[in-house]
Amino acid sequence: MPSNRLLVFSPTAFHPAGHQQSYLTGLGEALARLDVEVHVHGLTGSVRYPPSIVPHLSGKDTGAGLRSEYRARLGPLGDVVWGTSRLTRQLGLLNELERVHGSLGGPPLLFETFEYLTLAAHLSRVPRAPHRRLCIFHDTHFNLTHASLLAGAYKLLARPFARHILRSVDTCFVHTSGMRENLLENIDPGQDFANKVEVLPYGAPHPDTLIRVDSATARAELGIPTRRKLALAFGTLRADKRFRVVFEALARSPGWELIIAGPEGDVSYRELQALIEQARVRERVHLFPGFVRVEEHPRFFWAADAVLNIYDASIRHESGTAQLARAFLRPIIAGGPPDLHRYVQETGAGWSVAPLTAERLSEVLGQVARLGEVARRALEQRIHAAAVERSWDAVASRVLTALSA
């Protein structure tokens, strides 16, 4: 068995939703450049990874519907049915994880911790391990304040499982200092395992490795010939993204148009269309429904003048879109979570919207539109510096250090 082998356990890695394809592709390829043999284990799905990442798929691809589809058919009960179906499939992964891990010779494990019950069960079966075990908490919501009622109830029930995960692993990564504080407050208030929790920036490609495309070309590829300023809202449609505020601000900003690209989550495109009609901005909103694969990311970001990251202030998970924007040297417009505001303040990579109102967001859009060439170049230099410091290569080096400890 190669001593540099790593198994990443990520149940939904092969499912077309969220940022997991871009996250695992970026981290996996960067680790491969450090001579790590990267394996990924998850439920069978349609997503594929580069040759440097070895896939291990379990179960059948059921083509499980989106959360919004369950809601459309079953109303509020749809969330329960969707969540139960997802949990049932992931509990079935437990034996498969142990089989795959054993077949690879028992290498170090890196867990993406969204599915707490499966992972806690595995760690209970193997309480002492000769190999290193690391985990990444992409989300630290474990209360009713920082999530919807249903999600909050699930996260409250998941607290003991999350605590067991934290107790059992060697190192636990979160993406920001605020997430670290929130995780410890919710599942380790006594700070018994605080020394295990490290802040690991959410990576993105190094900007110098990307082929730059001018915005006019990117817009032409998307079929958007506008000369107006263009904002991008990218990623899964969720209720914690303040779309109503965005559309109302767009209505106040006639010099701007908006791209929305990504799959449905707990918000559907039908619901989005209703908000667009209410704000009377239909002619200036361009919708690209569905999961956007990694190879399709560039044209959306190169086409944009700024990337919108507008959320409820209560969320405690990282914005993958905000991090991805810097790879394309695009500024972000951030509203809501303290960690996002802190990121903007520390890096100078965009603008904060506070208070988070349509009026204030419209004012910020005006500031972006009036930015002169000298100021724009200085902004791009700040974004570039932040991108280099938080590149996938930098993140992979941190992970490798933890694996080698």
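The values are calculated or read from the model by the stated rules, or taken from the named source; none is laboratory data. Keep in mind the model is a prediction, meaning the values are calculated, not measured. Positions of Cβ are backbone-derived with ideal geometry, glycine not excepted, and every protein chain shown enters the neighbour counts.
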Return the total of residues in segment 268-290 being assigned to a loop (DSSP other than H, G, I, E, B) and touching a Lys or Arg at 6+ places or on another chain (Cβ under 6 Å). 0
The one condition residue 302 fails out of (1) outside any helix (DSSP H, G or I); (2) in contact with an Asp or Glu (Cβ under 8 Å, 6 or more places away or on another chain) is (1)
Would you please list the contacts, defined by Cβ atoms under 7 Å and residues six or more apart or on different chains, that run from a residue in segment 347-367 that is outside any loop (DSSP other than H, G, I, E, B) to a residue that is of a type in the set (Ser, Thr, Tyr)? 362/253; 365/253; 366/253
Checking the condition assigned by TED's automatic domain parsing to the domain that holds residue 196, at pLDDT 85 or above and either assigned to a loop (DSSP other than H, G, I, E, B) or acidic (Asp, Glu) (or both), which residue from 146, 131 passes? 131
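Kindly check whether there is at least one residue in segment 210-227 that is part of a helix (DSSP H, G or I), under 22 Å from residue 398 (Cβ atoms) and touching a residue at least 12 places away in the same chain (Cβ under 8 Å).
Looking through segment 210-227, none of the residues is part of a helix (DSSP H, G or I), under 22 Å from residue 398 (Cβ atoms) and touching a residue at least 12 places away in the same chain (Cβ under 8 Å).
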Would you check which residues across segment 291-344 are under 22 Å from residue 211 (Cα atoms), out of contact with any Lys or Arg (no Cβ under 8 Å at 6 or more places or on another chain), aliphatic (A, V, I, L, M) and surrounded by fewer than 23 Cβ atoms within 10 Å (Cβ to Cβ) and list them? 292, 294, 329
Residue check, residue 374 in contact with a Leu (Cβ under 6 Å, 6 or more places away or on another chain) and at pLDDT 95 or above: no
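Anything in segment 197-221 that is among the aliphatic types (A, V, I, L, M) and either buried (at least 19 other Cβ atoms within 10 Å of the Cβ) or under 30 Å from residue 136 (Cβ atoms) (or both)? List them, or say none. Please lay out each step first, then the result.
Restricting attention to segment 197-221, the residues satisfying the condition of being among the aliphatic types (A, V, I, L, M) are 197, 199-200, 204, 210-211, 213, 216, 218, 220.
Scanning segment 197-221 gives 197, 199, 200, 204, 210, 211, 218.
One line per residue, one yes/no per condition, for (1) crowded, with 16+ Cβ neighbours inside 10 Å; (2) over 25 Å from the mean Cα position of the chain (by Cα); (3) under 11 Å from residue 231 (Cβ atoms):
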residue: 248; (1), (2), (3): yes, yes, no
residue: 252; (1), (2), (3): yes, yes, no
residue: 265; (1), (2), (3): yes, no, no
residue: 268; (1), (2), (3): yes, no, no
residue: 271; (1), (2), (3): yes, no, no
residue: 275; (1), (2), (3): yes, no, no
residue: 279; (1), (2), (3): yes, yes, no
residue: 284; (1), (2), (3): yes, yes, yes
Residue count for segment 14-45, restricted to those that are closer than 17 Å to residue 60 by Cα and either in contact with an Asp or Glu (Cβ under 7 Å, 6 or more places away or on another chain) or modelled with pLDDT of 95 or more (or both): 3
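Of all the residues that make up segment 237-260, how many are closer than 14 Å to residue 300 by Cβ and either among the charged types (D, E, K, R) or touching a Pro at 6+ places or on another chain (Cβ under 8 Å) (or both)?
Taking segment 237-260 as the starting set, the residues that turn out to be closer than 14 Å to residue 300 by Cβ are 257-260.
Add one more test, that the residue is either among the charged types (D, E, K, R) or touching a Pro at 6+ places or on another chain (Cβ under 8 Å) (or both), and what stays is 257.
Total satisfying the criteria: 1.
Only one of these is surrounded by fewer than 18 Cβ atoms within 10 Å (Cβ to Cβ), at negative phi and aliphatic (A, V, I, L, M): 378, 396. Name it.
Details: 396 fails: surrounded by fewer than 18 Cβ atoms within 10 Å (Cβ to Cβ).
Criteria check complete, one pass: 378.
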Here's a check for you: in segment 94-134, which residue that is among the polar types (S, T, N, Q) and more than 21 Å from residue 4 (Cβ to Cβ) is surrounded by the most Cβ atoms within 10 Å (Cβ to Cβ)? 113
Determine if segment 1-23 includes at least one residue that is among the hydrophobic types (A, V, I, L, M, F, W, C), surrounded by fewer than 18 Cβ atoms within 10 Å (Cβ to Cβ) and either out of contact with any Lys or Arg (no Cβ under 8 Å at 6 or more places or on another chain) or outside the structural domain of residue 263 (by TED's automatic domain parsing) (or both). yes
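Please work out if residue 189 is over 26 Å from residue 323 (Cα atoms), assigned to a loop (DSSP other than H, G, I, E, B) and in contact with a helix residue (DSSP H, G or I) (Cβ under 8 Å, 6 or more places away or on another chain). Break it down into steps so the answer makes sense when it comes.
On the way: over 26 Å from residue 323 (Cα atoms): yes; assigned to a loop (DSSP other than H, G, I, E, B): yes; in contact with a helix residue (DSSP H, G or I) (Cβ under 8 Å, 6 or more places away or on another chain): no.
No: the conditions fail for residue 189.
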